[in-house]
1. Over all directions, average the projected area of the Cα convex hull of region 117-222 and note it in nm².
2. Kindly rank 174-186, 120-132 from highest to lowest mean number of other beta carbons found within 10 Å of each residue.
3. Between S174 and S228, what is the FRET efficiency for a Förster distance of 35 Å, r being their Cβ-Cβ separation, to the nearest 0.05?
4. Assuming R0 = 22 Å, can you tell me the calculated FRET efficiency for the pair Y32 and E167, based on Cβ-Cβ distance, to the nearest 0.05?
5. Can you give me the C-alpha center-to-center distance between region 73-116 and region 149-201, rounded to a whole angstrom?
Amino acid sequence: MKINRMFTVLAMVSMVFAGNGLLKGETGIYDYAGESILYSISPFGKAEYNDLGVVDLKGRKVNLVTFKTKVLFFEDTEKIYSDPESLLPLRIERTVKKIWNKEDITEEYDQKKFTFVTRKFKGDKIIYERITKANGPIHNGITLPFNMRRSKGLKIGWFFTARLPNEFKLELVSIDEITVPAGKFQAYHFKSTPDKFEIWVNKDTPQIPLKIKGKGVLNYTLLMKEYSLQNNSTGRRDAIKGSDDTDR
């Protein structure tokens, strides 16, 4: 649904620092299995991100994350399968629940041809199918923000062009001190062109999307409430908080 896409795609896309150019020379498997982030959505709602690590998809090792959004009587759950190195999406499975109905949606990506196929189902029957083509690798607004962890030495004025599949210019405009329910943080502040959204990302490691502000017909703000990461050596979950732990 458009509501969730505004939260996930327009919002979190502003961190698509993966993609062409940024990751040149940066290799290795992305591994944040066990990472969990909770967000509040203003004026109402909540969202939850979970990294489930590497799984098998039709004989191929891929990374799996889930993103669940709840807003009033609307609920959208996404399973996002992506390449473990680039985090470019390969397959997305969505279940959208509303009061009056439920939709099952899949997106199949061909990153060599720069296309993806969207299908909607009623039971096992396909009721809608559409092929979308872009001018280059197609990003995902949920997973791509986290590729920023591989970037080095970001400076004000840095920018990147992302595809979802429409193109946006994402520019680092300032470094701000912000307060979210999880605490106070130093954050990279990014704006999009066209002016559709702003994102603030934790400046310290691990770089986490802290605040996401959407503009337009539906104005909304995502604020990080909680963050934790499974500690494989102890089996416990390590929480990360800002310099001020008081909820605001």
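1. Its Cα hull, projected and averaged over all orientations, spans 9.1 nm².
2. On the way: 174-186: 17.2, 120-132: 10.7.
My ranking of the peptides, most packed first, is 174-186, 120-132.
3. Plugging the Cβ-Cβ distance into 1/(1 + (r/R0)^6) gives 0.80.
4. 0.20
5. With region 73-116 and region 149-201 each reduced to a Cα centre, they are spaced 24 Å.
Quick note: the coordinates plus some simple rules give every number you see, no bench work behind them. This is a predicted model, so every value here is computed, not measured. Neighbour counts run over all protein chains shown; Cβ positions are idealised from the backbone, glycine included.
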